[in-house]
Structure formats: structure tokens, C-alpha cells
Amino acid sequence: MNRPRSLSWASALVAVASLSAPARSQTPRAVPPPQVPPVESAEAQDAPHERAGERLDPSAFGPGVVESWDIVLEREAKRPPGPEKNPKGRNGTQGSWMVPSRGATSAVPHSGVRYVMNQWGDTRMGIGFPERVDVEGAWFAGQGGVGSWARGVRAVAYRANVEVAQSALLDALAVEPRFLTMNFTDVDRIEIVAGGAINGAGWYGMDDLAYRSHAGGSPQVLDFEDQPFGAKLAKSNYRGLTWEAGTGVFTEDAGVVHPPQVPPGLTDEPLAPTSHEESFAGTLTGTPPSLGINFLGPRQGDAGAGYIPPDTCGSVGINHFVAVVNANVSVYLKSTGQRVLNSSIDSFFGQAAGADPRCVFDPHSQRFIVLSSDFSTKVFLAVSTTSDPTGSWFKTSITVSQGADASSWPDYPTLGVDQNGIYTSSYMVGGVFGMSIFAIDKAPLVAGSPSLGTVTAWRQLPWEGAIQPCVTFGTPTGEFLVSRQSATRIRVRRIDGPMTAPTLVEVASVPVPSHGSPPDVPALGSTTALDALDYRPMNAIYRNGSVWTAHGVSVSGRAAIRWYQINPGTGTTVQVGTISDSSLGYCD
């Protein structure tokens, strides 16, 4: 698992390209960093040229079920409160909607002399309606001192616990109130989401909330003039509405994640000479991708999202974008960026499924695939039954901690797919052998009545940070996998069918320009740098006869991205490029 990187919870934006790419506690949980095994002997570094796999006994498989999102959302509604529900307790007290006292009134009401505020600066405040309503909007102003004002507010609309719309962002509050247009239709709940200002909290005043029954009737405007100063609306049923207690993200309570542990005797290779690095950074030019739409992705405080770091991953399908983070699954419309489904990973799988999630869209079967590790003995696997991720999914689990890995647990699982199989690899923490690869026969998973078929393992592989299977376009002879073998080599492997008895082939050790791990990246507006992780490849693609992959490197003391186009037939690079900047840092 990786540590906090350049995509933060507070400002995570998802950029969708115009072409498809490929036990709870009461405090936020910290995700362990990528684990590093003991140093291996020289003999362990020698791998066979071709090797048969170990077929897993079906008794290692969990039950397989096909479920709709209705079942997932029903589980989510019953899920006990987790740390994401209230990460800051204020001595056990959640914030409330309240009418500020005369002495605490600082915002200018839009009308009259009263308004409501988010008592403790909670950044997520909900209001439930007893029937379906159409919401026009409300007036917002800064509350308290200028430095404590929420850094913008937006409204999110729900219908039957499903998010259906978001307003635009009112990005600058002032003493004088400004109107936030919502224009929500046929909804039964809204949530006001604010940007934090002081340790994650941000204050605002709200006045003249305007709505009407969706079935018809007179407009309603809540001006709060009939409430006494200092009144708290939680549990009051004021005007027949449910005034929810607040939640939010409060940075002083976040867990601190220690850096990846390095065992004695294991050191990183020295950095390449600066001039050599910069020659690659400046010799190649290209056309940047065409971005379609930017929208707010999953954020801490969402269902299940109480982990630090987020470990963001996602994949674009035909009409949807599926994002997975620690530990949340969200589905968005590709055309608008609207989130249509949102669940914890535990509710999604129906049991404690851990984190370190991965997601890919299979270009062959047109299915989404989601995988996570329970950090104990299992990886969990879900495959959508169609190209629509809002429909049903087949879900199961595989006990990978067996055989030579019986005393180990899977960390940092990767994910890839081709026309025949689904592939994952993990570092098996606690053992002596390093890494294992698992190949899963895809045909039974995408059949009309899906099931889990043959699963094959290759164990006792040398530790190389991550072994990344490709998302494969086309139909090569097998599935290619890449890993960083050394500071000057990329290892390429291939898994050949049939999937009932596949073999692992050592294809090539590809020479690449020397490089070292990227340094931390300075963060705008913060004294805490962002961790660029290390040199392990994060994704890989096979298309038109080439393997494409990228990883972090260091250029002139700054984090940069090195990418490769590799010809697996010749074991050589077709192209090598470096994305770097003299003042900016880049993370893959």
C-alpha cells in the first residue's frame, strides 16, 4: 500500500479522458505502507525460464453470489457507525444545526435577524424531508472570523439514500449572504458539504432555505425567525424536517503513516547522474491528452472512507467511471460526473473486505472488475455482470495464504486482465519468499451463471515492489506482467494458457536508463510534503504489440515520471520518456 500522495482527499478531482482508458474504531484508520521483505539470497533471485503453476484447491474459494446495488445500499444503511461518520467527537458531541445566540451572530442574515449555522464547523450537514420535494436553494454567508469561514459550500441531493445531483460550488463566502442555486427535483434529503478552514472545520450561516412539495403546493421558505436564539435543531423536528447531526474531516485526528520499512542490508540504488536524467526529459515532446470533464471524486467522510492514505484507483467504462479508495466504492456518470452510487467496500462485498482496492474495465468482456485485500488471508473479487456497474455484480473471495504462503498475508495487490484471465500479484508479508502471482480463469466469471473457476498461483518470486499485470487490448499469445528488476532493468513476464493449466514465462530483462526513487513532493499551502511512493510501476497496458508502463523517478532532486514503450518480442524499449519540471513534482 502506498502512503499519502499528490491526490488528496480535500481536493481530489477526477479527469476523464475523451477516450476510455483503461473491525471499526472511533478514529480514522491508518493504512499500513507497502511492506518490504527480508533481503533474499542470490539463489532466490534466479527465476526459471518457464514454470508451471500451483492450482488452488476450490476449498480456498469463498461463496460466490450475484447481488444488485439495492442489497448493497440496504447493508450500508444498517452498517454500524465507523470512523468516517464522526472523526472528531468534541467530547462525544456532534455538531448541530443551531440558531446562533445574539453574541455569536456574525453573519448577516438574508432576512430578519436569525439564521442557522453549523455549530462545530462540521463540513457535512444533512437535512431530511418527510416527502419528496423540489429544492430551489438557500443563502449562505461566512460565520465567525474571516479565517474560520468555510472554503466554499455546495449542496448534494439524495433520493432513497442514493445521490442524484450536486449543485455548483459557491466558492467564496462573505459577510453578506450569497444565494446557492440548487434546483433539485424529487429529492428527500440534502447535504451541505463545506471546505474546511481550521484543522478541517469551516463555519457558515444559512438562511431562507426555499423548497416545495414535489406533489405540488405552496413554496416553503425557512427563515428561522420562529426559533429562539441559541436553539439547536437536532431532534427538534422543526417544520417536520430531520435536522441531522454533523460530520466532517478534522485533520488533527488523522493517523500518521510511517514510511515503507526497509530491512537491514536492503538499500536503494544510487540516483542516476542529473545530466543523464535531464537528457531524457528534454528530448521528447508529445500531444497532451484531451480532457473531457473534471468532477469531485471520493473524499474522506464518504461511506467507509476513514483510511489514510486514500490509495486512489479507478477505471472508465462505456458510460460510467468507477472509483475505489480506502475503503469506498463510487460510481459516476461519465457524461456529467454525477455520482450515482456510493458504498463502503465492506458493504459492497458483504463482509470485512479490507482495503488497497483496485479497479479495471475489461475491454474484452466489457465488465468492471474490483479487487481488494483483507490483509489477513484473502483477496476479494467482484465482476459486474454487464458493462453497467449500477447493475448486478458477481462477488467472491480467494484464500491466497496457503501452501508456501500459509503464514503470510497479501499486501498491495495489483490487477490486470486479458481475453482469457484476470491477474493479480501481492507481496506476501511475513514469509521468506517475497511475491506471488495469481491467474484466474475469466470464462466462468463472465458466463450467464457466473462462478469462480481455476485459480493458479506462482510463489517464491523475488521481491520487486510490485508485479503489475497489463490491461490487455487485443489478443496476444499471453498476458504480460512488468516489474522493476533493478535501477537499470524492467522485468517482463508472460502467462500462457490454457487457463486451466497456465505457465509463467520469463520473457525478458529489458535495459532501461538508470534511475532512483522519487523524493517527496512539496504541497501547496502546507509544510508537510506529499509522499511520491517509490519506483514500482503503478499500471501497465498492452496494445498493438507493445507494453506501456510508468513509474516514479528522481530528476534534479524532484519527483518525475518515467514511461516506457516496450517490445516484449525483442526485449527492448521502443520509446522512453520522462515527464519532469524544474519547479514542479509529478507522481504516477
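Restricting S407, S426 to residues that are at pLDDT below 95 and crowded, with 22+ Cβ neighbours inside 10 Å narrows the list to S426.
Quick one: would you say A560 is open to solvent by less than 10 Å² (accessible area, probe 1.4 Å), part of a loop (DSSP other than H, G, I, E, B) and of a type in the set (A, V, I, L, M, F, W, C)? Give the steps one after another, and end with the answer.
On the way: open to solvent by less than 10 Å² (accessible area, probe 1.4 Å): yes; part of a loop (DSSP other than H, G, I, E, B): no; of a type in the set (A, V, I, L, M, F, W, C): yes.
It is false that A560 is open to solvent by less than 10 Å² (accessible area, probe 1.4 Å), part of a loop (DSSP other than H, G, I, E, B) and of a type in the set (A, V, I, L, M, F, W, C).
Answer yes or no: is there a residue in region 141-157 that is surrounded by fewer than 18 Cβ atoms within 10 Å (Cβ to Cβ) and part of a strand (DSSP E or B). No, region 141-157 contains no residue that is surrounded by fewer than 18 Cβ atoms within 10 Å (Cβ to Cβ) and part of a strand (DSSP E or B).
Would you mind finding the one in V370, V325, V360, V340 that is closer than 22 Å to A77 by Cα and at pLDDT 95 or above? Result: V370 is the single residue among V370, V325, V360, V340 that is closer than 22 Å to A77 by Cα and at pLDDT 95 or above. Note on region 317-344: residues that are open to solvent by 10 Å² or more (accessible area, probe 1.4 Å), closer than 21 Å to F473 by Cα, touching a strand residue (DSSP E or B) at 6+ places or on another chain (Cβ under 6 Å) and aliphatic (A, V, I, L, M) total 0.
Restrict the check to region 211-220 and report whether at least one residue is of a type outside the set (S, T, N, Q), open to solvent by less than 10 Å² (accessible area, probe 1.4 Å), modelled with pLDDT of 90 or more and touching a strand residue (DSSP E or B) at 6+ places or on another chain (Cβ under 9 Å). No, region 211-220 contains no residue that is of a type outside the set (S, T, N, Q), open to solvent by less than 10 Å² (accessible area, probe 1.4 Å), modelled with pLDDT of 90 or more and touching a strand residue (DSSP E or B) at 6+ places or on another chain (Cβ under 9 Å).
When we screen T549, T573 for residues that are under 25 Å from G474 (Cα atoms), touching a Phe, Trp or Tyr at 6+ places or on another chain (Cβ under 7 Å), modelled with pLDDT of 95 or more and buried (at least 19 other Cβ atoms within 10 Å of the Cβ), the only hit is T549.
For region 118-140, what are the residues that are touching a helix residue (DSSP H, G or I) at 6+ places or on another chain (Cβ under 8 Å) and either of a type in the set (S, T, N, Q) or buried (at least 23 other Cβ atoms within 10 Å of the Cβ) (or both)? Across region 118-140, the qualifying residue is only G121. Residues in region 438-464 that are in contact with a Pro (Cβ under 8 Å, 6 or more places away or on another chain) and surrounded by 20 or more Cβ atoms within 10 Å (Cβ to Cβ): A439, P450, L452, T456, W463.
Highlighted here are the strands (runs of 3 or more DSSP E) found entirely within region 385-450 that include at least 2 residues which are of a type in the set (A, V, I, L, M) and in contact with a strand residue (DSSP E or B) (Cβ under 6 Å, 6 or more places away or on another chain): 421-429, 435-441.
The values are calculated or read from the model by the stated rules, or taken from the named source; none is laboratory data. Computed from a prediction, not measured in an experiment: that's the story for all the values here. We place every Cβ from the backbone using ideal geometry, glycine too, and count neighbours over all the protein chains shown. Ligands, DNA and RNA are stripped out before the accessible areas are found, and what is left, the full protein with its side chains, is counted by its heavy atoms. Shrake-Rupley method; radii C 1.70, N 1.55, O 1.52, S 1.80 Å.
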